[in-house]
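Structure, as structure tokens:
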Amino acid sequence: MKYQRRESTAGIPPGSLGLPLIGETLQFMASINSGRGFYDFVRVRRLRYGSCFRTNLFGETHVFVSSTESAKAILNNDGGKFTKRYIRSIAELVGDQSLLCAAHQDHKLIRSRLANLFSTTSLSLIIKHFDELVVQTLSRWEHRSTVVVLDEALEITCKSMCKMLLSLESGHELEILQKEVAQVCEAMLAFPLRLPGTRFYKGLKARKRIINILEKAISGRRRRSSGREAYDEDFLQHMLMEDGKASSEEAHRLTDAEIKDNILTMIIAGQDTTASAITWMVKFLDENQEVLETLRNEQLQVAKKTSHKSYLSLEDLNEMPYASKVVKESLRMASVVPWFPRQALQDCEIEGFKIKRGWNVNIDARSIHVDPVVYNDPNKFNPPRFEDESMPYSFLAFGMGGRSCLGMNMAKAMMLVFLHRLITTYRLLILKARAIV
């Protein structure tokens, strides 16, 4: 109690700082390990304190805000008052040179180098390869009585990202990467203790093994390049070629650390979040048969038009207006990334409350996505709602502003491809819904 009385609470967001040093970290960890998931920690406190509240996690003050006005002010960041800041466990696992963690100026330079990798040409190649993987996977389902959608989606998305980034399609190295990336993902929200046997320690060891694989790949590419051997056309090669151009032009070049951290980040983001979104989408469709039937009619029409082609193209995906709304509505309701973390670089004011320099400020996207003021009947799965123009900063599945997700179009394309092949190949029957957190 003495700990909480030491500072004035005048004008400061309501909430609890919990115990000395550790704050409410134990409650946060308990929610992660419960069947309800880590967002339950935020939900309970939002109901108790309102749309803006503070807590203490891992020894730092965190403020959560959940209005579109606050989202706009923080994500636009016109006054340069905020920077991106993830909790320690995530930051250490993806690396400080990752787009997720890089300082503002470094972030702009790294993002400019990576942006070309998500061009329309690249997206077209990704769609073809992903469609090929989905077709192969679904053909194997024919001989199985049941499948776990999340497990299958994780495998497909991981293979797709490894092919796109590193030209890894099969073999022992791909299997190792899949296993190690899963270990890193499991450690993302673990208590950051570097003790043998803990989830965080295992995650750090897995990260080290992944970085070793990437170091070997980079060294191998450079040897082959110097020997004028043929090279793979993938993201890694593109980054290394751009790196060479930057050196000759005296422009910013990506360091090996930046390349490795961002390849790891892209594998995690492309695999984990996309697979989770696909799984939620399947669940929502099973629960809403009218939507499913409307979607099936659209997709059967697309299938007729594309019957002469082996694989879908970007142009084909553009002919799926209802499916695109299904994807968007799934992303809204699932809110796979439930909040977006920032750190205040100066004292400021949000929603009438004082925010101190150094505090972590989190935009609660999931709360905005289910706000009845923002969305009519928000808990209803209703894809046609997106026929009307949305309120600004009301759809935050990929963030907004200068730090929005670079791979948003790729993620949506993957979801559309999976949706098309699933709907036109099988009838859905969900036997048991497993928790997705």
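The values are calculated or read from the model by the stated rules, or taken from the named source; none is laboratory data. Note that the structure is predicted; figures quoted are calculated from it, not measured. Note: ideal-geometry Cβ built from the backbone for every residue, glycine included; neighbour counts use all protein chains shown.
Below are the figures for this structure:
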| item | result |
| --- | --- |
| Considering residues of the range 305-334 that are among the polar types (S, T, N, Q) and at pLDDT 95 or above only, the residue nearest to L99 (Cα to Cα) | S330 |
| Tally of residues being of a type in the set (A, V, I, L, M, F, W, C), more than 12 Å from N56 (Cα to Cα) and without any contact (Cβ under 8 Å) to a residue 24 or more places away in the chain across the range 11-39 | 1 |
| Filter result for A230 (within 25 Å of S404 (Cα to Cα) and either surrounded by fewer than 19 Cβ atoms within 10 Å (Cβ to Cβ) or modelled with pLDDT of 60 or more (or both)) | no |
| Failed condition for A257, given (1) within 19 Å of L123 (Cα to Cα); (2) at pLDDT 90 or above; (3) of a type in the set (G, A, S); (4) assigned to a helix (DSSP H, G or I) | (1) |
| Selection from the range 294-316 of residues that are out of contact with any Phe, Trp or Tyr (no Cβ under 9 Å at 6 or more places or on another chain), closer than 15 Å to L416 by Cα and not in a loop (DSSP other than H, G, I, E, B) | R296, L300, Q301, V302, A303, L314, E315, D316 |
| M391 vs. criteria more than 13 Å from the chain's Cα centre (by Cα), aliphatic (A, V, I, L, M) and within 27 Å of T157 (Cα to Cα) | no |
| Tally of residues being of a type outside the set (A, V, I, L, M, F, W, C), modelled with pLDDT of 90 or more and part of a helix (DSSP H, G or I) across the range 389-437 | 6 |
| Number of the exception - N56 against (1) of a type outside the set (D, E, K, R); (2) more than 22 Å from A397 (Cβ to Cβ); (3) in contact with a helix residue (DSSP H, G or I) (Cβ under 6 Å, 6 or more places away or on another chain); (4) buried (at least 21 other Cβ atoms within 10 Å of the Cβ) | (3) |
| So Y375, is it modelled with pLDDT under 95, out of contact with any His (no Cβ under 6 Å at 6 or more places or on another chain) and among the aromatic types (F, W, Y) | no |
| Residue that is nearest to S404 (Cα to Cα), among those in the range 90-106 that are assigned to a helix (DSSP H, G or I) and over 16 Å from the mean Cα position of the chain (by Cα) | H104 |
| All positions within the range 168-201 that are within 23 Å of T157 (Cα to Cα) and among the charged types (D, E, K, R) | E169, E173, E175, K179, E180, E186 |
| Hits in the range 42-83 (condition: hydroxyl-bearing (S, T, Y) and part of a strand (DSSP E or B)) | T55, T61, T83 |
| Residue check for L93: touching a residue at least 40 places away in the same chain (Cβ under 8 Å) and out of contact with any Gly (no Cβ under 7 Å at 6 or more places or on another chain) | no |
| Filtered residues of the range 53-79 (kept if on the phi > 0 side of the Ramachandran plot and under 22 Å from the mean Cα position of the chain (by Cα)) | N77 |
| Number of the exception - M29 against (1) under 20 Å from the mean Cα position of the chain (by Cα); (2) part of a helix (DSSP H, G or I); (3) buried (at least 18 other Cβ atoms within 10 Å of the Cβ) | (1) |
| Residues (touching a Lys or Arg at 6+ places or on another chain (Cβ under 8 Å) and exposed (fewer than 13 other Cβ atoms within 10 Å of the Cβ)) located in the range 128-185 | V148, E169 |
| Count - residues of the range 261-274 that are under 14 Å from D151 (Cβ atoms) and surrounded by fewer than 24 Cβ atoms within 10 Å (Cβ to Cβ) | 1 |
| Meets criteria (within 25 Å of the chain's Cα centre (by Cα), more than 22 Å from L193 (Cβ to Cβ) and surrounded by fewer than 16 Cβ atoms within 10 Å (Cβ to Cβ)) for R48 | no |
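Okay, residues lined up against (1) buried (at least 18 other Cβ atoms within 10 Å of the Cβ); (2) more than 17 Å from I74 (Cβ to Cβ); (3) touching a residue at least 12 places away in the same chain (Cβ under 8 Å):
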{"site": "D316", "(1), (2), (3)": "yes, yes, yes"}
{"site": "S330", "(1), (2), (3)": "yes, yes, yes"}
{"site": "L345", "(1), (2), (3)": "no, no, yes"}
{"site": "N360", "(1), (2), (3)": "yes, no, yes"}
{"site": "P372", "(1), (2), (3)": "no, yes, no"}
{"site": "P383", "(1), (2), (3)": "yes, yes, yes"}
{"site": "F395", "(1), (2), (3)": "yes, no, yes"}
{"site": "G399", "(1), (2), (3)": "no, no, yes"}
